[in-house]
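The next block holds one structure in the form of structure tokens; read it before the comments.
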Amino acid sequence: MPSETDKPTNAKFRTLFAIYPGMTHLDFTGPHQFLSRLPGSATIVSSPAGGDVEADGLTFGNTVRIADVRSCDLICVPGGANATKVALDQDFIHEIRRLALGAKYVTSVCTGSLILGAAGLLRGRHAACHWAYADLLPIFGAIHDPARVARDGNIITGGGVTAGIDFALTVLAEIGGEELAQAIQLGLEYAPAPPFNAGRPETAPPHARARYEATRLAMIASRLAEAKQAAALMVATAPA
């Protein structure tokens, strides 16, 4: 059976999502819902090994092995609890770098920017990240931008999880114009009005912040160690 990359297509723009086990699925499905509606485009979902990918209780099937993808116009890497662990997978990181260097746009959502960093793509560049792990970006030579969507040249990155939808609309406006982006936003009725003002550390009530911090502190030591190890690998494998 031919892979998705072998199928004939008249698409003018190829969007590639590079997903992996343990990702936060909304980092992927939010942007995918919007970007897959870009007219005249093809959307490819890849993963390290291809096939089924488990993520936050959902399984995404029939993904393409990333090494089999020849090229793309936009690559998007979602984040997740396993982001820094995946950053240590040198085969996957090599493919991310290969595809990113040939893409028009290099993008990520949430802690996916740490994977871009591990691929050596963010040295001296501004990037967004989930606020709780943004201090890991400088380990890869990146500069944290606290904006919900950050842009530095052809690198466009979204902040934590739900920022992926704002990120996707920003990309759609860049590629197809604001009118197209607004029409897709209307069709998907993206009109956020959350019941609580607890989506940012500076606005969340103290009890919510304390509860989340307990979760974060249980993860930060291992993520820091993995990020440092990935950065060391990045330096060791950088071209002379």
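Numbers at a glance
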{"quantity": "Spacing of the two label points (7 Å from each Cα toward its C-beta) at Ala210 and Ser222, in nm", "calculated": "2.6 nm"}
{"quantity": "Residue-averaged [θ]222 nm for the chain, counting only DSSP H segments that reach four residues, each worth -39500 (n - 2.57)", "calculated": "-12000 deg cm²/dmol"}
{"quantity": "FRET E, pair Glu54, Leu88, Förster distance 25 Å, beta-carbon r, rounded to 0.05", "calculated": "0.85"}
{"quantity": "Inter-probe distance in nm under a simple model that places probes 7 Å from Cα toward Cβ, at Ala198 and Val235", "calculated": "4.1 nm"}
{"quantity": "Between the stretch 49-115 and the stretch 161-234, the Cα center-to-center distance that results, in Å", "calculated": "18 Å"}
{"quantity": "Answer label, with percent of Cα pairs over 27 Å apart calculated from the coordinates and candidates [x] 38; [y] 43; [z] 31", "calculated": "[z]"}
{"quantity": "Mean Cβ neighbour count within 10 Å, used as a protection proxy, ranking 168-175, 36-43 highest first", "calculated": "168-175, 36-43"}
{"quantity": "Lysine pair count for the chain [Cα-Cα under 27 Å; pairs on different chains or 8 or more apart]", "calculated": "4"}
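Quick note: the coordinates plus some simple rules give every number you see, no bench work behind them. Please read all numbers here as calculations on a predicted model, not as lab measurements. All Cβ positions, even for glycine, are placed from backbone atoms using ideal geometry, and neighbour counts span all protein chains on display.
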